[in-house]
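To keep things clear, I will list the structure first and then write my remarks on it.
Every number in this text was worked out from the coordinates using simple rules, so none of it is lab data. Quantities reported herein were computed from a predicted structural model and do not represent experimental measurements. Glycine also receives a Cβ, built like all others from the backbone with ideal geometry; neighbour counts cover every protein chain displayed.
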Ligand code: GAL
């Protein structure tokens, strides 16, 4: 049996779609095929989105007599292999879901003590990505060990399967996840389709920038862009969604902070504003920058004046440019003053910065020493800065 052959798997943050945020339990093969179709016809694939992932609730509640997981025949009558073939034929990749525990969070069989058997089955079906959750974990076993176990099973199952760990940031995951072999790891509890949730998750990961990078990306949870309250789960969607400015800021934060970008809305019904956000090539380029450096935070001057929900993020890009995000997560308009010396660029260097607006897609001009945009409540400005003499 051949082992892992794709040495680049997990190099950049994963881009794709996941069924959970909008559909939770209500999934079926036609939906998944439709999403794959839309990925091609609406330009998601060409923009770099690659993985189509089925989350929880795809199996029967019991394993078969041989201990294998069984696909729910009512939801997926053609079986997973046929669905994987369909997705692969479109030039896309296929993801599935299981759990370290005895059961998944929704109560279906988990992979505990079946890790190698399940990995082999996923490989047989043509799975390219496994999301691995943290519910129903026997308390006497360490989560760290169980992620190591599934990682090893996947790396030796005969197929390249990207390993997406999902333990919600618990048990000091930052300290052990990279060496477990996971290509990405959830660092937060579940996102909900509202502004408070976006803000809470983003603030919780500020300062964690050294815990992300190639082959083990900090996954801040799936995107809610374009959902507008449209989840069939009360937990995720009950408060009614965000406006487009807030979705833009959410996408900018996740892109700048190097999170995988897994779309969570119903892409079959996405409006133009949603597509403009999800398909923004300038933001995607920042997210996918080869060096995958974490973004560091700078407090605007004067520092005593600003609350912690007003900040700049700076990401050093491979070719020497800087991606700079001016984020105003507070509830009133703010001026965010960035002094270039805070990024290593003193006046005496002789350099200025030529700024390009990544949302308006236009040059803003050349600035020396400082730049201080006024940013509306819940909004942001993301620029790509080039050093010029
Ligand atoms: C949660 C997980 C969600 C989703 C859900 C499925 O634990 O964080 O992203 O996968 O389980 O039941």
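Rounded to the nearest 10 degrees, the inclination of helix 143-155 to the longest alpha-carbon principal axis of the chain is 70 degrees.
Extension gain for residue 140-residue 78 works out to 18.4 nm (0.36 nm per residue, less the C-alpha to C-alpha distance). Cβ crowding within 10 Å ranks 305, 327, 340 as 305, 340, 327, fewest other Cβ atoms first.
Taking 0.36 nm per residue of separation and subtracting the current Cα-Cα distance, fully stretching the chain between residue 342 and residue 175 would add 57.3 nm. Between the helical axis of 29-41 and the longest alpha-carbon principal axis of the chain there is an angle of about 40 degrees. The residues 360, 115, 335, when put in order of fewest to most other Cβ atoms within 10 Å, stand as 360, 335, 115. Bridges between two residues of the chain, per DSSP, are antiparallel at a rate of about 60%.
GNM remark for the chain: springs join alpha carbons under 10 Å apart, and the peak mean-square fluctuation among 316, 70, 267 falls on 70. Counted residue by residue at 0.36 nm each, then reduced by the alpha carbon distance between them, the extension gain from residue 4 to residue 309 reaches 105.6 nm. Principal-axis analysis of the Cα atoms of the chain puts helix 115-125 at an angle of about 90° to the longest axis.
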